[in-house]
Amino acid sequence: MSVRHFLSLMDCTPQELVGLIRRGIELKDLRNRGVLFEPLKNRVLGMIFEKASTRTRLSFEAGMIQLGGQAIFLSPRDTQLGRGEPVSDCAQVMSRMLDAVMIRTFAHSTLTEFATNSQAPVINGLSDDLHPCQLLADMQTFLEHRGSIQGKTVAWIGDGNNMCNSYIEAALQFDFQLRIACPEGYEPKAEFLAQAGDRVQVLRDPHAAVAGAHLISTDVWTSMGQEAEAAERLALFKPYQVTRELLDSAADDVLFMHCLPAHRGEEISMDLLDDPRAVVWDQAENRLHAQKALLEFLVEPAYHHA
Ligand code: CP
Ligand code: NVA
């Protein structure tokens, strides 16, 4: 059987994705009840981080330990990857020693090249194009708070970035309508919009985008790697700040999500995370549970005793 990777939400069927979310809820319940569940004993996840991370690193590392395995943090600064060893060679070697590899990188092609040469499952822990693990957590959080997202309306406010692209894929896979409000020139990549068809609408006015929405999500205006554009972006994105008043224009039961880290006073108002409609802490916690479900799905169960 060929190895499964998780580079994008499109690597799973809609049924598998719903199964992962439901399993994440079950694993959360097991942990809350103090039940020991270690199907990945002796299994090892390698984690390559070319960009900074708090949530992704912690949730994968804690998740592996809780499932009975281990995780190894690999920085390009201390590995041969950072000194120019080809990605394909690293993939050949690393995947012979590891049971899964999580990669946070810049170019999405690094992930696809690694996966092509890997014997072990590869997980996208964020690329310039996509952040699918965050969407597992977001979809779990919506299900827990409001039930199925199928047929609902979601508004993405701000930059058409990696998170936005993953929301487009989620709209297709989880069957909801997505309205994106972004400044001209900051739309999501055309290839993602093209595959979404009329499932996704791009607007300029955030108020029009949130009208009747059941979920509003945003992200930083300057993603990792775009620091040189920060001042220009700050000025351009000003009308796209998500505020309590903006949430008031949405459905009465709207939820607000942000993948974090958040910049209060920029993409969100100073008080937004204190609003009861914001579920960002549950969302962040669910990275742990949803990714444990993903690891269980991708990594073969424990070895047998000799
Ligand atoms: N949301 C998210 O991926 O956070 P980190 O950058 O802290 O991993
Ligand atoms: N769009 C952000 C997400 C961080 C989790 C970035 O790429 O920096």
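The values are calculated or read from the model by the stated rules, or taken from the named source; none is laboratory data. Keep in mind that this is a model prediction, so the values were computed, not measured. Neighbour counts run over all protein chains shown; Cβ positions are idealised from the backbone, glycine included. The area values use the complete protein model at the heavy-atom level, side chains included, leaving out ligands, DNA and RNA. Shrake-Rupley method; radii C 1.70, N 1.55, O 1.52, S 1.80 Å.
Here are the numbers for this structure:
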| quantity | calculated |
| --- | --- |
| Summed side-chain charge close to Gly225 - residues other than Gly225 whose Cβ falls under 11 Å, Lys, Arg +1, Asp, Glu -1 | -3 |
| Extension gain, Phe106 back to Leu58 (0.36 nm per residue minus Cα-Cα distance, nm) | 15.3 nm |
| Surface share of carbon and sulfur [accessible, 1.4 angstrom probe, percent] for the chain | 51 |
| Among Gly84, Gly151, Gly63, residue whose mean-square fluctuation peaks in a GNM of the chain (springs only between Cα atoms under 10 Å) | Gly84 |
| Mean shadow area of the chain over all directions, Cα convex hull, nm² | 16.2 |
| Largest-first ordering by accessible area, 1.4 Å probe, given options His207, His258 | His207, His258 |
| Eligible lysines near Lys28 by straight Cα distance, threshold 29 Å, same-chain separation 8 or greater | Lys41, Lys51, Lys152, Lys292 |
| Per-pair calculated FRET efficiency, R0 = 35 Å: Gln195 and Gln80 via Cβ, rounded to 0.05 | 0.45 |
| Equivalent ellipsoid semi-axes - Cα gyration tensor, the range 54-171, angstrom | 29, 18, 12 |
| Rounded accessible area per residue of the range 207-288, 1.4 Å, Å² | 43 |
| Percentage relative contact order, the chain, counting C-alpha pairs under 8 Å, at least six apart | 21 |
